[in-house]
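The values are calculated or read from the model by the stated rules, or taken from the named source; none is laboratory data. Because the structure is predicted, anything quoted here is derived from the model rather than measured. As a convention, Cβ positions derive from the backbone with ideal geometry for all residues, glycine included, and neighbour counts pool all protein chains shown. Please note that ligands, DNA and RNA were not included when accessible areas were found on the heavy atoms of the full protein model with its side chains. Shrake-Rupley method; radii C 1.70, N 1.55, O 1.52, S 1.80 Å.
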Amino acid sequence: MSADKLVDFDEVLTRYEPVIGLETHVELGTASKMFCGCSTTFGAEPNTQTCPVCLGLPGSLPVANEIGIESTIRIGLALGCRIATWSRFARKNYFYPDIPKGFQTTQYDEPLCTAGHLDVEVDGETYRVEIERVHLEEDTGKNLHVGGATGRIHGADHSLIDYNRAGIPLVEIVTRPIPGTGAKAPEVAKAYVTELREILLALGVSEVRMEQGNLRSDVNVSLASIGSLEWGTRTETKNVNSLRSVERAVRFEMRRQAAVLDEGGRILQETRHFHEDSGTTSPGRSKEEATDYRYFPEPDLVPVAPDEDWVAKLAATLPELPAARRVRLSDEWGISPTEMAWLVNAGAVELVSDTVAAGASPADARKWWLGELARRANDSGVELAELAVTPAQVAEIVGLVAAGTVNDQLARQALDGVLAGEGSPAQVIEARGLAVMGESDELVAAVDAAIEGNPDVAGKVRAGKVQAIGALVGAVMKTTRGKADAATVKRMLEERLIPS
Ligand SMILES: [Zn+2]
């Protein structure tokens, strides 16, 4: 759909150096909105969670939500920020239908947290992302453009507005420009948002469901000619709402901007939209001229002055952060940083951890999640965590294999049943008759039948060609439809064919 000329990604790097930057918005998971008592529950009927404050009616007065402020400070602390001792809200004035007050309550020159950093790892290399600021603001309402093909205002015949989201606390986390990532720029951007999301989850401050828009990133990209001391003009791709899209947006902008620059063109400072379907961006709003929002301190809210004791208490009660947790788990599970990175990339750290907690060995838990289950998730195009099997059920399967109730092959069939919603592993094994056969009459008969039916092979084994026994084991496994234990079958055949 994009008519943009693109340069091959590898070729971009021969002439240009990318600089990226990310502005990430996180909706906090507070029960009520930032400046009023309205509920923040997602998915309610439009405009049922509003009041005079969040609708901006004259005479209404906001009151700041303490949990919102506390959560912002905790995010700042987790990112190693300096916490302000004095901070104010500001009015950012702009008239837009989803801003009922005519201004957004945000923070301007006095944010709560500044000067932090987050280290992210890509292919064994660590990149330090400097955090410029973390500030608190309110979310806008949601526009719904009806009648157009794309859901955008262009081509729509009317628009509806839902103010349920207006006033939900929103934390904005802004990085400083990140130079020096070269060919890894797309991966570093993705790794940063991934790690940030993990931290927010560990803090429990947001549900960070990207598909619900709890977390969305504006992705800034510019290119500088290699050797040039001057950075290029950046574009800002707005509201990218999946981890994969963050990576794709950086990659696409690098390729597009390189083509423009190659032809002697100029990159326009503008916002751009990302298109999930095509992985392309298209122009949004021009930022060639700085918009004057006429910020001024919010007169209706008292300044926030977090005292030292409060901040120290919040710092002391931070949970173990994901990076430290990964180091500890690598140690406990006896795996290398590279092996841990595979688990992280597969989104399997929590799943393996929960499976181990449910009784499986770390090696077995990793084997199942990174092997059989990763393959199935991949086949059905879903995330591992979305598979219809719980860590406890995986641990149960591991236990049943260890107890000899099922072998690996039968365990995979049991897993099929669990994924198909047939119940717990034990229930599926019972219902489908998957348990390994003991030394039953049925198995004795199958062994004898294999010897009778393959006299040539049996003769060879009797004559001392012991390795030929494999064919007989195979025959028994076939008649028992894989339910026999191969080692038991081999021993039974040996007892009959090889004189001791
Ligand atoms: Zn309200």
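A few remarks follow.
- Toward the positive end of the charge dipole of the chain, with +1 on the Cβ of Lys and Arg and -1 on the Cβ of Asp and Glu, the farthest Cα among Ala149, Phe103, Pro58 is that of Ala149.
- Dipole moment magnitude, nearest 20 debye, region 258-311 about Cα centre, only Lys, Arg, Asp, Glu C-beta charged: 380
- The loop-placed trypsin sites (Lys or Arg not before Pro) in region 232-281, going by DSSP, that have at most 12 neighbouring Cβ atoms within 10 Å of their Cβ come out as Arg266.
- Sorting the segments 293-304, 105-116 by their residues' average number of neighbouring beta-carbon atoms within 10 angstrom, most packed first, yields 105-116, 293-304.
- Ratio Rg/Rh [Cα only; Rh per Kirkwood] for the chain: 1.11
- With loop membership from DSSP and a limit of 14 other Cβ atoms within 10 Å, the longest segment of the chain without GluC sites (Glu not before Pro) is 1-229.
- Carbon and sulfur %, accessible surface of the chain computed with the full protein complex present, 1.4 Å: 51
- Solution diffusion estimate, µm²/s, Stokes-Einstein, region 25-119, Kirkwood Rh from C-alpha pairs, 25 °C, viscosity 0.890 mPa s: 164
- When the trypsin sites (Lys or Arg not before Pro) in region 377-468 are filtered for DSSP coil states and for at most 14 other beta-carbon atoms within 10 Å of their beta-carbon, the remaining sites are Lys465.
- In order along region 3-17, the phi-based Karplus estimate (6.51 cos²θ - 1.76 cosθ + 1.60, θ = phi - 60°) of 3J(HN,Hα) comes to 8, 5, 6, 10, 9, 3, 4, 4, 6, 3, 5, 6, 10, 10, 10 Hz; Gly and Pro are listed as x.
- Here the relative contact order of the chain, from alpha carbon pairs under 8 Å that lie six or more residues apart, stands at 14 percent.
- Shown in residue order for region 381-396 are the 3J(HN,Hα) couplings computed by the Karplus curve 6.51 cos²θ - 1.76 cosθ + 1.60 at θ = phi - 60°: x, 10, 6, 3, 5, 8, 4, 7, 9, 9, x, 4, 5, 5, 4, 5 Hz (x for Gly and Pro).
- Converting phi to 3J(HN,Hα) with the Karplus coefficients 6.51, -1.76 and 1.60 and the offset θ = phi - 60°, region 159-167 yields 10, 10, 10, 10, 8, 4, 7, 5, x Hz in sequence order, with x at every glycine or proline.
- Farthest toward positive dipole pole in region 311-436 [+1 Lys/Arg, -1 Asp/Glu at C-beta], among Val389, Ala315, Gly399: Ala315
- Taking the inverse of the mean reciprocal distance over all distinct Cα pairs, the Kirkwood hydrodynamic radius of region 189-348 comes to 19.3 Å.
- Taking all protein chains as they are arranged and a probe of 1.4 Å, the heavy atoms of Ile429 leave approximately 10 Å² accessible to solvent.
- A 1.4 Å probe, protein heavy atoms only, puts the accessible area of Thr48 near 80 Å².
- For region 272-389, the calculated P(r) over all alpha carbon pairs, in 10 Å bins from 0 to the bin holding the longest distance, is 10, 24, 18, 19, 21, 8, 0 percent.
- Between region 216-291 and region 425-500, the alpha-carbon center distance in angstrom: 64
- When the alpha-carbon atoms of region 424-471 are used, the pair Rg, Dmax equals 15.6, 48 angstrom.
- Where region 343-457 is the region considered: accessible area per residue in Å², 1.4 Å probe: 48
- When cysteine pairs in the chain are screened for C-beta atoms closer than 4.7 angstrom, the residues that find no partner are Cys36, Cys38, Cys51, Cys54.
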